[in-house]
1. Could you list, in sequence order, all residues of the range 49-74 that are crowded, with 24+ Cβ neighbours inside 10 Å, touching a strand residue (DSSP E or B) at 6+ places or on another chain (Cβ under 6 Å) and not small (Gly, Ala, Ser)?
2. Does the range 161-175 contain at least one residue that is surrounded by 12 or more Cβ atoms within 10 Å (Cβ to Cβ), touching a residue at least 24 places away in the same chain (Cβ under 8 Å), under 20 Å from Ile70 (Cα atoms) and not aromatic (Phe, Trp, Tyr)?
3. Just to be sure, is Gly63 at pLDDT 85 or above and either farther than 24 Å from Ala174 by Cβ or outside any strand (DSSP E or B) (or both)?
4. Do the conditions hold for Ala76, that is, is it within 20 Å of Tyr178 (Cα to Cα) and within 15 Å of the chain's Cα centre (by Cα)?
5. Inspect the range 119-132 for any residue being crowded, with 21+ Cβ neighbours inside 10 Å, closer than 26 Å to Ser34 by Cβ and in contact with a Ser or Thr (Cβ under 9 Å, 6 or more places away or on another chain) and give the result as yes or no.
6. Tell me, please, whether a residue that is in contact with a Pro (Cβ under 8 Å, 6 or more places away or on another chain), under 19 Å from Lys44 (Cβ atoms), of a type outside the set (Asp, Glu) and at pLDDT 85 or above can be found in the range 121-140.
7. Within the range 66-85, can you find the residues that are among the hydroxyl-bearing types (Ser, Thr, Tyr) and over 21 Å from Pro120 (Cα atoms)?
Amino acid sequence: MRVITGSAGGLKLKSVPGLETRPTGDKVKEGLFSAIQFELEGRKVLDLFAGTGQLGIEALSRGAESAVFIDNSPEAFHVIEENLAHTGLADRAVVIRTDYKAYLKSAPKRRFNIIFLDPPYRQGYITRIISFIESFDILAENGIIVCESALSDSVPDSGDYLEKFRSYRYGQTAVTIYRKRGEEK
């Protein structure tokens with residue numbers, strides 16, 4: 001597992017020991033970042049279920065302004081901090097050890113341009129999490145949510161203010177991008 005390109009391009013990242021965390025494969029990560037390459041520069045990123053932190057780190061390496069990493073695992077928390085230090089990107093990042101619900105409930109009135117959502121596969125999380133994110137309205141105008149899931153996982157076509165923009169398939173992995181609809185006037 002490595003950073004593909006940008007300021008930290010080519011650097012290897014540590015993995016979380018054990019089988020609890022499933023890192024995004026390089027092929028999926030390359031496809032995902034090709035799809036959003038023009039969305040990154042100067043943006044604020046939230047990496048929920050961050051695991052190793054590789055999605056948020058890749059975004060920072062490619063020019064995102066800042067990233068908040070959320071993971072409940074103590075092992076993941078330490079690996080994310082180590083990966084940020086190794087890549088030299090720690091000064092633009094905040095790592096918080098908590099679950100996604102607790103973070104969203106207590107998050108300051110902050111808006112993110114990009115939210116990476118990579119929860120455990122095959123547990124029905126995505127629809128619930130998207131609804132939860134919408135209830136806190138933390139996605140900036142014209143923001144996107146990038147969901148990674150098993151191809152067999154159910155993902156919604158839309159939400160209260162989100163709509164499915166694009167979907168991609170990489171073997172048994174799906175990447176779905178949601179866009180926030182324009183603000184009603």
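The values are calculated or read from the model by the stated rules, or taken from the named source; none is laboratory data. Just so it is clear, the model here is predicted, and its values are computed rather than measured. When we count neighbours, we look across all protein chains shown, and the Cβ atoms used for this are built from the backbone with ideal geometry, even at glycine.
1. Result: Leu55, Leu60, Phe69, Ile70.
2. Within the range 161-175 (the criterion being surrounded by 12 or more Cβ atoms within 10 Å (Cβ to Cβ), touching a residue at least 24 places away in the same chain (Cβ under 8 Å), under 20 Å from Ile70 (Cα atoms) and not aromatic (Phe, Trp, Tyr)), the answer is yes, since at least one residue qualifies.
3. Judged against the criteria, Gly63 is a match.
4. Here the answer is no, as Ala76 does not meet what is asked.
5. Scanning the range 119-132 turns up at least one residue that is crowded, with 21+ Cβ neighbours inside 10 Å, closer than 26 Å to Ser34 by Cβ and in contact with a Ser or Thr (Cβ under 9 Å, 6 or more places away or on another chain).
6. Scanning the range 121-140, I find at least one residue that is in contact with a Pro (Cβ under 8 Å, 6 or more places away or on another chain), under 19 Å from Lys44 (Cβ atoms), of a type outside the set (Asp, Glu) and at pLDDT 85 or above, so the answer is yes.
7. Taking the range 66-85 as the starting set, the residues that turn out to be among the hydroxyl-bearing types (Ser, Thr, Tyr) are 66, 73.
Scanning the range 66-85 gives a single hit, Ser66.
Conditions (1) among the basic types (Lys, Arg); (2) out of contact with any Leu (no Cβ under 9 Å at 6 or more places or on another chain); (3) modelled with pLDDT under 95, marked per residue:
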{"residue": "Ser7", "(1), (2), (3)": "no, no, yes"}
{"residue": "Thr24", "(1), (2), (3)": "no, no, yes"}
{"residue": "Lys29", "(1), (2), (3)": "yes, no, yes"}
{"residue": "Ile36", "(1), (2), (3)": "no, yes, yes"}
{"residue": "Asp47", "(1), (2), (3)": "no, no, no"}
{"residue": "Ala50", "(1), (2), (3)": "no, yes, yes"}
{"residue": "Ser73", "(1), (2), (3)": "no, yes, yes"}
{"residue": "Thr87", "(1), (2), (3)": "no, no, no"}
{"residue": "Asp99", "(1), (2), (3)": "no, yes, yes"}
